[in-house]
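This report concerns only the one structure given below.
Every number in this text was worked out from the coordinates using simple rules, so none of it is lab data. Quantities reported herein were computed from a predicted structural model and do not represent experimental measurements. Note that we place each Cβ from the backbone using ideal geometry, even for glycine, and neighbour counts take in every protein chain shown.
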């Protein structure tokens with residue numbers, strides 16, 4: 001039995017963190033099951049895409065600063081209103097930005113650029129991180145694929161995040177492509193019809 005208040009607090013914090021990680025994993029598995037069943041329903045509503053990007057940048061700016069990473073967002077023109085599922089597109093942005101920040105060293109850069117071109121939103125998320133090896137690139141959107149094979153959760157997730165990202169983008173009628181140079185960074189290109 002532990003009765004030291006500091007130890008109890010440490011155990012409680014560890015338990016909370018692990019419960020949160022399990023909750024995220026369960027949510028990811030639920031998303032994958034919905035995609036398999038064709039039940040990934042998009043609740044599209046008129047959404048100001050610029051505001052969605054601004055909110056995302058606010059959420060990640062402190063984390064980027066804490067790790068000494070420059071985080072920028074460039075809007076080439078007014079993005080206007082898009083008919084999208086804001087929570088699902090927000091999830092895409094969160095996933096791609098958290099991946100970029102996790103794989104970019106101190107002193108590196110992560111950037112988002114957005115452009116509206118007729119009825120398409122063109123998004124680019126780029127980092128100056130470690131990049132993805134050429135042999136891994138064809139598989140990164142596959143479920144449970146992890147280019148980093150260690151079991152250490154600090155170095156990578158479950159291999160579901162990018163599969164979910166692609167599923168949500170496809171459900172919106174969009175596309176996602178990636179280019180990467182191992183040791184020099186990764187860039188994701190997203191095209192979303194609005």
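Structure data summary
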{"item": "Distance between modelled label sites at residue 67 and residue 54, nm, 7 Å Cα→Cβ extension", "result": "2.6"}
{"item": "Proxy reagent accessibility, fewest Cβ within 10 Å first, across 177, 3, 48, 85", "result": "3, 177, 48, 85"}
{"item": "Long-range Cα-Cα pairs in region 43-193 (distance over 29 Å), rounded percent", "result": "13"}
{"item": "Segment residue 109-residue 13, length gained on full extension (0.36 nm per residue, minus Cα span)", "result": "31.5 nm"}
{"item": "Sequence of 87, 111 once ranked by neighbouring C-beta atoms within 10 Å, starting from the fewest", "result": "87, 111"}
{"item": "Relative contact order %, region 72-148, counting alpha carbon pairs below 8 Å whose residues are six or more apart", "result": "31"}
